[in-house]
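The values are calculated or read from the model by the stated rules, or taken from the named source; none is laboratory data. Please read all numbers here as calculations on a predicted model, not as lab measurements. Glycine gets a Cβ as well: all are built from the backbone with ideal geometry, and neighbour counts include every protein chain shown. Surface areas here come from the heavy atoms of the whole protein model, side chains and all, with no ligands, DNA or RNA. Shrake-Rupley method; radii C 1.70, N 1.55, O 1.52, S 1.80 Å.
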Amino acid sequence: MASDDIVQFFDTTLRDGEQAAGVNLNPAEKFQIARQLAAMRIDVIEAGFPAASPGDFDCVETISREVKGPVICALARTRGGDVKAAGDSLKQAERSRIHVFIATSPIHMEYKLKMTPEQVMAEVERAVPLARSLAHEVEFSAEDASRSDPAFLIRVFKAAVAGGATVLNIPDTVGYALPDEFARFVRTIMDGVAAPANVMYSVHCHNDLGLAVANSLAAVKAGARQVEGTINGLGERGGNAALEEVVMGLRTRRDFYAIDVAMDTTKLVTTSRQVSRLTGVIVPPNKPIVGANAFTHEAGIHQHGVLANRETYEIMRAEDVGAEAAVMVLGKHSGRHAFKERLESLGYRLTKEELDKAFMSFKRLCDAKKEVSGGDIEALVADEVLSVAPEHRYELKRLEYETHPVGVVSLVTLERDGKDLSDSAIGNGPIDAACLAVRRIIGIEPELRNFTVAATSARTSAQGETHMGVQYKGIAAAGRGVSTDVVEASVKAFINAVNNLYVVAAAKELKINGD
Ligand code: KIV
Ligand code: ZN
């Protein structure tokens with residue numbers, strides 16, 4: 001498996017990324033992201049943690065069955081039940097990997113696991129061979145490796161290799177490592193384990209000190225051949241290593257790393273936008289590689305230089321990451337062929353039925369706005385074509401609002417099972433009033449946990465794209481809405497979040513409102 005001049009990418013957006021505060025992806029959304037990752041030729045997709053919930057299990061099972069190309073991976077603690085659940089969820093994968101982990105640092109062993117180092121060794125010796133009997137390959141991770149005793153870590157890794165693991169992962173779980181030190185650490189472990197050539201070393205860096213990408217690159221220089229991370233660096237606390245930054249670091253500085261990657265980097269911007277849209281986590285404009293300004297030159301002196309020779313100020317080409325395709329616009333005179341080409345340049349290859357549906361939605365959108373940007377098209381494809389929307393319990397039929405001296409009055413009509421349900425409310429502004437009216441109709445009061453509004457392009461004709469996270473009786477869910485009217489987009493996001501709340505509750509076998 002190991003190759004000296006190729007680095008593999010292990011995407012954990014659907015597992016570690018989803019652990020980010022306020023992020024809740026439903027199964028259809030996870031499936032959409034997995035499909036996009038496969039289109040981008042990611043090497044490994046960590047699809048979930050099957051023992052965590054029946055919903056997670058189903059998700060890994062669906063991705064294993066439907067997504068071909070990448071290795072599909074499922075996470076498991078060393079417990080027998082976890083490893084078996086991972087194995088069962090991966091049965092239909094073309095290439096399956098069980099990712100077994102246990103902590104090896106003194107602080108984690110003593111306070112979290114309440115285990116002695118010898119007990120941890122025994123867990124590894126039992127769990128890894130079991131995992132190997134249930135999947136094509138096994139990855140073993142020593143959680144909090146960077147704060148572990150190297151001699152102990154070497155013993156644990158040797159046991160994992162003896163049990164059949166062919167990927168040894170060295171996580172910097174709390175983002176504590178520094179690049180030079182981490183590179184030395186990786187080298188020490190590799191020399192100490194002295195594993196056979198079919199064993200690959202991997203790193204998994206968190207970004208608490210803003211060093212996840214730097215640590216990952218330093219580890220590659222030291223000999224790691226798999227890098228784990230997430231799209232947009234999504235993840236708990238400061239997040240994980242942003243895969244788009246690592247891959248472009250290796251590509252752009254090939255002269256230094258002398259290493260290849262298989263990923264189709266021209267799909268990076270589309271993938272980033274899709275993840276941002278589905279999670280509601282907005283990408284800052286100055287974010288390297290995928291931010292809206294990543295290839296924009298504002299200063300006259302820079303613009304002049306780039307016009308004379310782009311390499312004066314550009315170390316990467318916008319087209320290498322798919323950034324150019326994202327800003328060109330289409331209009332109502334654009335035909336089906338131009339639309340299809342545009343979709344392809346954005347990284348979407350749709351079936352004939354999907355294309356028909358997308359084209360009809362595009363034409364409807366052209367009636368509402370003159371210019372349709374790449375962002376509009378991506379929003380349309382994500383919302384109306386690729387999403388296997390959860391059953392729509394409530395749908396927005398009518399929304400009206402009026403400003404009065406006492407506040408804004410909103411009248412909302414929702415449809416449920418063919419019946420119209422209407423109510424009105426008064427609020428601080430139109431969004432507040434409409435969401436209060438929705439709460440009255442549905443008879444529950446979900447608490448709003450986060451709310452973001454973004455525009456699909458930098459034009460006044462842009463669509464508003466909103467995202468809301470809600471919580472009710474400990475159940476969290478998120479929803480999205482897109483419309484040329486930002487109030488309508490917000491109310492749609494709220495209703496979508498409520499619908500998802502019922503889906504999450506059903507997956508957890510919980511009841512909302514006696515339903
Ligand atoms: O950060 C970490 O240590 C993890 C492991 C499960 C690999 O996410
Ligand atoms: Zn992690």
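Quick notes on this structure:
- Surface composition of the chain: carbon and sulfur atoms hold 52% of the protein heavy-atom accessible area at a 1.4 Å probe.
- Per-residue 3J(HN,Hα) values for the range 467-472, derived from phi via the Karplus relation 6.51 cos²θ - 1.76 cosθ + 1.60 with θ = phi - 60°, read 9, 10, x, 10, 9, 8 Hz in sequence order (x marks Gly and Pro).
- Peptide ranges 25-38, 331-344 listed from the most packed, as the mean C-beta count within 10 angstrom indicates: 25-38, 331-344
- Database remark: amide H of H206 closer than 5 angstrom to the amide H of D172, G175 (H placed geometrically; neighbours at sequence offset of 5 or more, or on other chains; Pro and chain starts carry no H).
- Remark on the range 395-507: ratio of C-alpha radius of gyration to 2.2 N^0.38 Å is 1.04.
- Looking at the chain, the accessible area is 43 square angstrom per residue; that uses a 1.4 Å probe and ignores ligands, DNA and RNA.
- Cα long-axis angle, helix 352-368 against the chain (0 to 90 degrees, to the nearest 10): 50
- Relative to the longest principal axis of the Cα atoms of the chain, the long axis of helix 212-222 lies at roughly 30 degrees.
- Residue-count net charge about G164 - beta-carbon cut-off 9 Å; Lys, Arg +1, Asp, Glu -1: 0
- The charge dipole of the range 6-279, taken about the Cα centre with unit charges on the Cβ atoms of Lys, Arg (+1) and Asp, Glu (-1), comes to about 400 debye, rounded to the nearest 20.
- Applying the Karplus relation 6.51 cos²θ - 1.76 cosθ + 1.60 with θ = phi - 60° to the range 230-242 yields 3J(HN,Hα) values of 9, 6, 6, x, 4, x, 4, 6, x, x, 9, 4, 6 Hz, where x marks Gly and Pro.
- For the range 393-419 and the range 448-515, distance of Cα centres in Å: 16
- Whole-Hz Karplus values for the range 329-340 come out as 10, 10, x, 5, 8, 6, x, 4, 5, 4, 5, 5 Hz, taken residue by residue from phi with 6.51 cos²θ - 1.76 cosθ + 1.60 and θ = phi - 60°; glycine and proline positions read x.
- 47 Å tail of the calculated P(r), the chain, as % of Cα pairs: 14
- Computed per residue of the chain from DSSP H runs no shorter than four, each worth -39500 (n - 2.57), the mean residue ellipticity at 222 nm is -12000 deg cm²/dmol.
- Principal-axis analysis of the Cα atoms of the chain puts helix 80-89 at an angle of about 60° to the longest axis.
- Near the amide H of A292, within less than 5 Å, lie the amide hydrogens of K287, all on another chain or at least 5 residues away, with H placed in the peptide plane.
- For the range 395-507, a simple Cβ point-charge model (Lys and Arg +1, Asp and Glu -1, everything else neutral) yields a dipole of about 260 debye relative to the Cα centre.
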